[in-house]
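Taking it in order: structure first as structure tokens, then the write-up.
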2 protein chains.
Amino acid sequence: MNTELRAFLDRVRPAIDATLGELLPPETQPPLRLHQAMRYSTMDGGKRIRPALCIAAFSAYKQDWKPILPVAAAIEMIHSYSLIHDDLPAMDDDDFRRGRPSCHKQFDEAIAILAGDALLTLAFEVLALSKLVPPERMLRVLSVLAKAAGSPAGMIAGQVLDLEGEGHPVTGEQLKAIHRSKTGALIGAAVWIGAYLGEASESDLTSIQKYCDRIGLAFQVIDDILDATDGENRDEGKATYPALYGLAESRTIARGLMSEARQAVQPLGSRGELLMAFCDYLEERTS
Amino acid sequence: MNTELRAFLDRVRPAIDATLGELLPPETQPPLRLHQAMRYSTMDGGKRIRPALCIAAFSAYKQDWKPILPVAAAIEMIHSYSLIHDDLPAMDDDDFRRGRPSCHKQFDEAIAILAGDALLTLAFEVLALSKLVPPERMLRVLSVLAKAAGSPAGMIAGQVLDLEGEGHPVTGEQLKAIHRSKTGALIGAAVWIGAYLGEASESDLTSIQKYCDRIGLAFQVIDDILDATDGENRDEGKATYPALYGLAESRTIARGLMSEARQAVQPLGSRGELLMAFCDYLEERTS
């Protein structure tokens with residue numbers, strides 16, 4: 001990994017974890033099991049890719065990135081909630097997540113459903129309470145994030161399309177649409193929100209919008225490749241890039257998308273360096 | 001029912017339904033089943049008590065109440081999401097809701113979980129996009145609503161406490177805390193938000209805060225009484241007022257709370273009339 005990115009991640013990850021720790025309700029406050037479950041599934045050693053991307057985009061424009069931490073943490077809460085609900089028996093039915101029992105196995109299904117609901121709700125509360133930027137800009141961030149997390153354009157739509165696609169043949173266009181909404185929308189929103197809150201120019205935001213689109217899709221293609229090669233068969237019966245195109249072609253597609261993402265932020269000059277390094281970092285995961 | 005309130009409800013209910021119809025994703029837009037489920041559980045002939053209370057409080061201060069409709073509809077979306085998730089097998093496991101199959105029976109569990117998630121997300125998106133009041137006031141509304149819907153102070157906490165209380169003896173204080181958070185918080189927030197967006201004075205907001213507290217708790221006590229007398233045993237094993245105090249005493253408690261609610265808005269003079277009429281209306285449900 002690029003040493004600049006390495007140093008950046010080493011700085012921001014502990015800060016993201018600390019911010020989450022401050023924002024989540026204490027485990028000692030009732031209802032105890034709910035708050036324990038919220039923390040169990042959020043403070044789990046995740047790679048914090050979404051909040052780190054958000055901070056990277058922000059820090060391209062502002063030297064002091066600490067003020068954006070609550071926003072970045074809120075985005076991670078939405079990611080955590082989505083994993084809790086995705087793992088439920090009625091959905092992907094996964095007993096494990098990152099080598100530990102998934103939330104509904106560690107607690108129970110009711111607590112897992114409600115912990116997810118509470119994380120989603122808390123994310124919006126955190127944004128509404130943020131004093132980082134003028135209120136009209138924060139409302140814009142809220143609406144962008146809600147759209148990226150919801151339906152028809154966001155993560156929830158993608159999860160439904162993904163579940164509906166199971167066991168059915170899908171076309172390349174359909175698969176792209178599933179991945180864009182299921183994973184790409186939230187990743188893209190994380191980057192865009194960081195740049196927007198950093199007060200990037202309209203022209204930079206247009207470049208970043210294109211970067212968001214490519215890196216968001218590439219991220220899920222790479223996830224598909226990793227799942228196909230780790231021998232765990234989590235994606236059995238699911239529509240994936242390796243299932244549709246084969247592993248080699250999927251790698252080529254991911255590489256092509258990342259190359260387009262890099263090109264998209266070339267006009268940003270040195271401001272785009274960290275975002276470019278993220279492309280390398282995420283791409284290295286496949287090789 | 002008071003004729004003024006009757007006329008008010010006859011005007012606002014169709015407007016709330018129409019607004020929900022405009023704000024929810026069309027059933028013809030993919031993912032179809034998700035959007036059908038969101039509409040199925042929201043456009044279901046509900047009494048719209050929360051949005052009607054919100055509009056009533058707003059219209060105490062502003063003649064034209066139409067601009068608050070999206071906010072009122074967003075509050076109803078949060079209520080609908082909570083019912084969908086409460087009905088799930090892992091929670092209250094109810095197959096029916098208002099005489100129709102509950103969402104997970106009509107569709108399936110995955111769709112029900114995701115439809116609830118999407119309604120919650122959409123509610124915040126609608127608020128963030130509202131241009132009704134200056135942005136800083138809308139952010140305040142968002143944070144108040146998120147707090148009332150979340151944990152530890154709101155609806156999700158109440159639902160957990162309610163589930164945990166099943167089959168265990170609870171004290172009167174505990175039961176009050178459960179009901180306050182499970183039902184009272186969102187009802188109270190609906191009223192408070194209406195008055196706040198109507199630009200009620202600080203002194204009126206203080207009166208209304210007390211009204212919110214009493215009517216919110218009374219509402220759930222009355223719900224307990226209705227459930228205890230309708231012969232359906234939905235609340236079997238649950239902590240309820242009739243189970244703890246008996247039916248007659250529960251009715252006395254509800255009446256006392258409603259009387260306190262009426263007193264709380266007495267200082268508002270004619271502005272408080274509709275809110276007072278709501279107390280009668282909700283109380284009549286028990287007799």
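A few notes on this one:
- Filter pass, residue A:62 being more than 7 Å from chain B (Cβ to nearest Cβ), under 29 Å from residue A:272 (Cα atoms) and basic (Lys, Arg): yes
- Unmet criterion (only one of (1) under 20 Å from residue B:187 (Cα atoms); (2) hydrophobic (A, V, I, L, M, F, W, C); (3) crowded, with 17+ Cβ neighbours inside 10 Å) for residue B:112: (1)
- Just one of (1) out of contact with any Ser or Thr (no Cβ under 8 Å at 6 or more places or on another chain); (2) farther than 21 Å from residue B:208 by Cβ fails for residue B:50. It is (2).
- Of all residues in region A:20-49 being crowded, with 22+ Cβ neighbours inside 10 Å and farther than 18 Å from residue B:146 by Cα, the one that is nearest to the other protein chains (Cβ to nearest Cβ): A:37
- Highlighted here are the helices (runs of 4 or more DSSP H) found entirely within region B:225-287 that include at least 3 residues which are over 26 Å from residue B:91 (Cβ atoms): B:247-264, B:273-284.
To keep it simple, each residue is scored yes or no on (1) modelled with pLDDT of 95 or more; (2) surrounded by fewer than 17 Cβ atoms within 10 Å (Cβ to Cβ).
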{"site": "B:139", "(1), (2)": "yes, no"}
{"site": "B:144", "(1), (2)": "yes, no"}
{"site": "B:147", "(1), (2)": "yes, no"}
{"site": "B:151", "(1), (2)": "yes, no"}
{"site": "B:160", "(1), (2)": "yes, no"}
{"site": "B:163", "(1), (2)": "no, no"}
{"site": "B:168", "(1), (2)": "no, yes"}
{"site": "B:181", "(1), (2)": "yes, no"}
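- The single residue among A:129, A:122 that is surrounded by fewer than 24 Cβ atoms within 10 Å (Cβ to Cβ) and either facing chain B (nearest Cβ under 7 Å) or farther than 29 Å from residue A:11 by Cβ (or both) turns out to be A:129.
- Across region A:132-148, the number of residues qualifying as at the interface with another protein chain (Cβ under 7 Å from one of its Cβ atoms) and not hydrophobic (A, V, I, L, M, F, W, C) comes to 4.
- Subset of region B:86-110 [part of a loop (DSSP other than H, G, I, E, B), in contact with a His (Cβ under 9 Å, 6 or more places away or on another chain) and within 15 Å of residue A:90 (Cβ to Cβ)]: B:88, B:89, B:90, B:91
- Residue B:113 meets each of the listed conditions (1) in contact (Cβ under 8 Å) with a residue 40 or more places away in the chain; (2) outside any loop (DSSP other than H, G, I, E, B); (3) touching a Leu at 6+ places or on another chain (Cβ under 9 Å); (4) within 14 Å of chain A (Cβ to nearest Cβ) apart from (1).
- Conditions (1) at positive phi; (2) in contact (Cβ under 8 Å) with a residue 24 or more places away in the chain; (3) not charged (D, E, K, R); number of the one not met by residue B:269: (2)
- Selected residue (criterion: nearest to residue A:223 (Cα to Cα)) from residues of region A:63-102 that are at pLDDT 95 or above and out of contact with any helix residue (DSSP H, G or I) (no Cβ under 8 Å at 6 or more places or on another chain): A:101
- Any chance residue B:98 is touching a residue at least 60 places away in the same chain (Cβ under 8 Å) and of a type in the set (Lys, Arg): no
- Looking across region A:160-183, the residues that are over 15 Å from residue B:34 (Cβ atoms) and either outside any loop (DSSP other than H, G, I, E, B) or within 10 Å of chain B (Cβ to nearest Cβ) (or both) come down to A:172, A:173, A:174, A:175, A:176, A:179, A:180, A:183.
- Among the residues of region B:165-199, just one is in contact with a Phe, Trp or Tyr (Cβ under 9 Å, 6 or more places away or on another chain) and at positive phi, namely B:199.
The values are calculated or read from the model by the stated rules, or taken from the named source; none is laboratory data. Computed from a predicted structure; not experimentally measured. Counting neighbours? That spans all protein chains shown, and the Cβs are built from the backbone with ideal geometry, glycine included.
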